[in-house]
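Worksheet for the structure shown next.
The values are calculated or read from the model by the stated rules, or taken from the named source; none is laboratory data. Here the structure is a predicted model, which is why all the values come from computation and not from measurement. Don't worry about glycine lacking a Cβ; one is built from the backbone with ideal geometry, like all the others, and counts go over all protein chains shown. Protein only, heavy atoms only, side chains kept; ligands, DNA and RNA dropped before computing areas. Shrake-Rupley method; radii C 1.70, N 1.55, O 1.52, S 1.80 Å.
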Amino acid sequence: MSQPVSLHQLVQQFAHPGRLDAIFLRPGRREPVVAVQQAQALLDRGLSGDRAAEKTPWRPGGNKRQVTLIQAEHLPAIAAFSKQAQVDPAWLRRNLLVSGLNLLATKAIFKDEPMIVRIGPDVVLEITGPCEPCSRMEEILGVGGYNAMRGHGGMTARVLSGGMLQVGDAITCLPAQAPAGAGA
């Protein structure tokens, strides 16, 4: 008979690693994104070459939206909701396209236990929350594009450990430390 598992343990159990399918840099506001095969993640800043990383952090650790991630498996849903034949992930202006790992499950359910993901051998991100769509999705996807993205916009993160990201890198969730006395 197996040991009982606490909710703190369950939220960190994933069946297998995910995969980094694409990397996009946003050089400036309303400028086309640039697809790259690799990018440097900068501690407390974001991705080198992305407009988010150009901002000087105004608080320790930087802001909560240094890197944006979106689920590849959600692209068909966004396409269906926006009546598009398909959706190019570059249109959505997220930095990292991820497959095989449920990004929504990386949202922390315990305030004092943020979810941490490792991408490749070096980069560590703290998932900070959902990446809500902007009104620009109406321009890109057409009428209803904003609502097509709601619930499918991905997640935001901050860089805890910098390094090189490369398309094809594995993505894993790292165990967080449960606070003393935490139970199921």
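Overview of results
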{"quantity": "Yes/no for Gly154 being within 22 Å of Leu25 (Cα to Cα), open to solvent by less than 40 Å² (accessible area, probe 1.4 Å) and more than 11 Å from the chain's Cα centre (by Cα)", "calculated": "no"}
{"quantity": "Neighbours by Cβ (under 7 Å, 6+ apart or cross-chain): first from the stretch 7-34, farther than 24 Å from Ala170 by Cβ; second assigned to a loop (DSSP other than H, G, I, E, B)", "calculated": "Leu7/Ala184; Arg26/Val33; Arg26/Asp50; Arg26/Arg93; Pro27/Gly49"}
{"quantity": "Scope the stretch 78-100; condition out of contact with any Ser or Thr (no Cβ under 8 Å at 6 or more places or on another chain) and open to solvent by less than 30 Å² (accessible area, probe 1.4 Å); matching residues", "calculated": "Ile78, Ala79, Ser82, Val87, Pro89, Ala90, Leu92, Leu97, Val98, Ser99"}
{"quantity": "Test: residue in the stretch 167-183 that is in a loop (DSSP other than H, G, I, E, B), touching a Gly at 6+ places or on another chain (Cβ under 8 Å) and at pLDDT 95 or above", "calculated": "yes"}
{"quantity": "Condition check for Pro17: open to solvent by 10 Å² or more (accessible area, probe 1.4 Å), at pLDDT 90 or above and over 17 Å from the mean Cα position of the chain (by Cα)", "calculated": "no"}
{"quantity": "Lone unmet requirement of (1) exposed (fewer than 13 other Cβ atoms within 10 Å of the Cβ); (2) within 20 Å of Leu25 (Cα to Cα) for Ile109", "calculated": "(2)"}
{"quantity": "Residue within the stretch 85-94 that is under 9 Å from the mean Cα position of the chain (by Cα) and closer than 28 Å to Arg45 by Cβ present", "calculated": "yes"}
{"quantity": "Complete set of residues in the stretch 118-130 that are farther than 12 Å from Asp169 by Cα, buried (at least 17 other Cβ atoms within 10 Å of the Cβ) and not hydroxyl-bearing (Ser, Thr, Tyr)", "calculated": "Val124, Leu125, Glu126, Ile127"}
{"quantity": "Any chance Val143 is farther than 20 Å from Pro32 by Cα and modelled with pLDDT under 95", "calculated": "yes"}
{"quantity": "Test: Asp50 is in contact (Cβ under 8 Å) with a residue 24 or more places away in the chain, more than 24 Å from Ser99 (Cα to Cα) and open to solvent by less than 100 Å² (accessible area, probe 1.4 Å)", "calculated": "no"}
